[in-house]
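Below is one structure, written out as C-alpha cells; comments come after it.
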Amino acid sequence: MQDVIIIGCGVVGAACAYELARYQLRVSILEAGSDAAAGTTKANSAILHAGYDPEPGTLMARLNVEGVRLAEEICNKLDVLYRKCGSMVLAFDEEDRACLRTLLERGEQNGVPGLRLLSGDEARALEPEISGEAVEVLLAPGAAIVDPWDYALAMAETAVRNGVSFHRSCRVTAIERAAEGFSIATTGGVFRSRYIINAAGVYAGEVHALVGGRNFSIRPSKGEYYLLDKSEGNRVGRIIFQCPSAAGKGVLVSPTVHGNLLAGPTAEPSAPDDTANTASGLETVRRLSARSVPGVRFRENIRNFAGVRANSDRGDFILEESPAVPGFFNAAGICSPGLSAAPAMARYLAERMGERGLTLRKRESFIDSRRKTRFRHLDDEARNELIAKDPRYGRVICRCETVTEGEILECLRQPIPPVSINGVKRRVGAGMGRCQGGFCGPRVQEILARELGLRPDQIPLEEPGSWILTGETKEVWS
C-alpha cells in the first residue's frame, strides 16, 4: 500500500514526486510511456514566464510567480541548464499599446518584479534584430529559459533517490475504491494507494472519469515549432513575444539554453496524440515570427516538432480534490504557464492533501543535489583529467554536440535510465545538433544494446514499436 500514487511523470508529476519525497511517505509514479518527460514536457517553448499574463487572483497568477522563483533554486541545486534572459512583448499599434498596459497592470498585481515599458528605439538598443515597426515594448527581466525535459528528469530522479518508486509503461486502465484508498489497474500490474494525484496531462480528463469525475474537460491544443541551428542562436538574446490573444501567448522567437533559436508555437485544436507538423502550421510560424524578428533565416532549420497542450474548459489550473471521490486530487488543465508553475503547484497540492489527512512529516535527510558531466562545457584541463579517470569520456559519439560515450554511460547509471535513442538524446544531447542523429544515432543504438543486453534491432527510437532496424537479425547478433 502506497501513501500517494502520482499518475503521469511530466514536469508536474515530477515536481509532485520531488515535493512529496521530502516527507516520510511511500510514493510511486505511474507513467504510461516508456520514459519520464516524454509528453508535453518534451515539446514546449522551454520558457519560465515572468508572470504578467495570467489574470490576477487565479491559480495561474499566484503559482507562476512563485514557481519561477522556485525553479531557479531547483535548477541551481540539480544542475539543470537555466538562463534568466528576460522577455519582451512587442506592440505594433495603438491596440497593442493598450494590451501592454493591461499586461503591465496585471504583472504588478501579480507581484512580477522589474516590469517596465520601453519605446521601440529603446528596445532596439537592447535587441537590434526586433522589428522596426515595434512602437513600444514591455520588458520583463525575470523571464528565463530552461532545459525542460532535464528539469523534469532532475526532479523525478531526485525523488527516486529519496525513495520514490518509478514505474514506466504503466498506463492506468481502471481505478476502484478499496477499503483504505484505491486499487489502480495498469498495463504494468495493480497498485494500491491511500491517495492519488492525477497528473496525466492531456489524458487527465479520461483518468478522472475512471473514478466518475465529470466536472471538467480537457481541450487539447497543438503548437508547431521551428528549431533553428546554432548559427541563428544569437539572433536575439531575450524571448520575443507578440501581444497575447484568446488562443494563447502567441508565436515567439527565443534563444534556447543549448544555443539554438526557437520559433513558435501555433495553437490549433487537436487530438491528444496529434504531434504531426503541417505545411499550414509551419507557414504560420514563419509568417508571424518574421513580424517580430524579420531577419530570422528559416533555411537554417534543423528540426520541426509539435506539442499538445492540456487546455481545459476552466481557464485556470485545476488543482483540487475531486468532488466525486475523496482522496483523488487532480492536477489538470496544465497549459502555459505550467512549466513555470510546476514546483509551486506541487507545494500547493501537498498542502491541500495535508489538510485532507495526509501526514506530512519531514524526512531527517533529503538528497537535494545532482551533478551532470557536460563534456562540451569543460575546459581542456578538466577534459584531460576526466579522460585520465575514464578513457570513454575521450570517445566523442555525437560530433555536433560533442557528447561522449562516458556521458551516455553516466546517464544509463541514473535512477531513471533511458531505454530508447531519444531517451539518451533528452539526457545528454546526442542527436540534438545539426545532423539530428544522422551520424551518432547508430552509435547510440549500439551502446544501448550493449549496456542493456539487447540486440540493436530491439532498441527503439522512442516508444516500443518505433523500430529503426527490422528484419531477420538473429543470425547476425545472436
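The values are calculated or read from the model by the stated rules, or taken from the named source; none is laboratory data. What you are looking at is a predicted structure, and each value in this text was computed from that prediction instead of being measured. Counting neighbours? That spans all protein chains shown, and the Cβs are built from the backbone with ideal geometry, glycine included. With ligands, DNA and RNA removed, areas are computed over all heavy atoms of the protein, side chains included. Shrake-Rupley method; radii C 1.70, N 1.55, O 1.52, S 1.80 Å.
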If Ala263 satisfies all but one of (1) part of a strand (DSSP E or B); (2) over 17 Å from Cys335 (Cα atoms); (3) open to solvent by 10 Å² or more (accessible area, probe 1.4 Å), what's the number of the condition it fails? (3)
Pair list, Cβ under 9 Å, 6 or more apart: region 126-154 residue touching a residue at least 60 places away in the same chain (Cβ under 8 Å) and under 21 Å from Thr102 (Cβ atoms), other residue among the aromatic types (Phe, Trp, Tyr) and crowded, with 20+ Cβ neighbours inside 10 Å: Leu138/Tyr52; Leu138/Phe241; Ala140/Tyr52
Would you confirm whether or not region 204-212 contains a residue that is crowded, with 22+ Cβ neighbours inside 10 Å, under 29 Å from Gly107 (Cβ atoms) and in contact (Cβ under 8 Å) with a residue 60 or more places away in the chain? yes
Of the numbered conditions (1) surrounded by 13 or more Cβ atoms within 10 Å (Cβ to Cβ); (2) touching a strand residue (DSSP E or B) at 6+ places or on another chain (Cβ under 7 Å), Ala271 satisfies every one except a single condition; which is it? (1)
Residue by residue through region 25-36, note down the ones that are under 15 Å from Ile7 (Cβ atoms) and open to solvent by less than 20 Å² (accessible area, probe 1.4 Å). Val27, Ser28, Ile29, Leu30, Gly33, Ala36
Which residues, taken from region 109-148, are in contact with a Lys or Arg (Cβ under 8 Å, 6 or more places away or on another chain) and over 29 Å from Gly295 (Cβ atoms)? Asn110
Are any residues in region 98-127 more than 28 Å from the chain's Cα centre (by Cα) and open to solvent by 70 Å² or more (accessible area, probe 1.4 Å), and if so, which ones? Arg101, Glu105, Arg116, Asp121, Glu122, Ala125, Leu126
Condition broken by Ile130, with the remaining ones in (1) in a helix (DSSP H, G or I); (2) open to solvent by less than 10 Å² (accessible area, probe 1.4 Å) satisfied: (1)
Which is surrounded by fewer than 24 Cβ atoms within 10 Å (Cβ to Cβ), touching a residue at least 24 places away in the same chain (Cβ under 8 Å) and of a type in the set (Ser, Thr, Tyr), of Ser169, Ser183, Ser193? Ser169
Would you check if there is a residue in region 147-166 being closer than 30 Å to Asp3 by Cβ and in a strand (DSSP E or B)? yes
Considering region 283-299, residues that are in contact (Cβ under 8 Å) with a residue 60 or more places away in the chain and open to solvent by 50 Å² or more (accessible area, probe 1.4 Å), and then whichever is nearest to Gly433 (Cα to Cα), we arrive at Arg297
Gly142 - would you say it is crowded, with 19+ Cβ neighbours inside 10 Å, in contact with a Phe, Trp or Tyr (Cβ under 9 Å, 6 or more places away or on another chain), modelled with pLDDT of 95 or more and within 30 Å of Gly13 (Cβ to Cβ)? no
Among strands (runs of 3 or more DSSP E) completely within region 1-118, the ones holding 2 or more residues that are of a type in the set (A, V, I, L, M, F, W, C) and closer than 20 Å to Arg352 by Cβ are 2-7, 27-30
Against the definition (in contact (Cβ under 8 Å) with a residue 60 or more places away in the chain, acidic (Asp, Glu) and open to solvent by 10 Å² or more (accessible area, probe 1.4 Å)), how does Asp379 come out, yes or no? no
When residues of region 314-356 are limited to those that are open to solvent by 40 Å² or more (accessible area, probe 1.4 Å) and part of a loop (DSSP other than H, G, I, E, B), the one modelled with the lowest pLDDT: Ala324
Looking at Ser280, is it of a type outside the set (Phe, Trp, Tyr), in contact (Cβ under 8 Å) with a residue 12 or more places away in the chain and part of a helix (DSSP H, G or I)? no
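This table checks each residue for (1) surrounded by 24 or more Cβ atoms within 10 Å (Cβ to Cβ); (2) more than 10 Å from the chain's Cα centre (by Cα); (3) touching a residue at least 40 places away in the same chain (Cβ under 8 Å).
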site	(1), (2), (3)
Asp3	no, yes, yes
Ile6	yes, yes, yes
Tyr23	no, yes, yes
Thr41	yes, no, yes
Ile47	yes, no, yes
I'm told Ala174 meets every condition in (1) without any contact (Cβ under 8 Å) to a residue 40 or more places away in the chain; (2) buried (at least 21 other Cβ atoms within 10 Å of the Cβ) except one. Can you identify the failing condition by its number? (2)
Mind counting the residues in region 258-277 that are of a type in the set (Gly, Ala, Ser) and free of Cβ contacts under 8 Å to residues at least 40 places away in the same chain? 3
Single residue of region 56-81 satisfying the filter (in contact with an Asp or Glu (Cβ under 7 Å, 6 or more places away or on another chain) and within 18 Å of Val112 (Cβ to Cβ)) that is surrounded by the most Cβ atoms within 10 Å (Cβ to Cβ): Met60
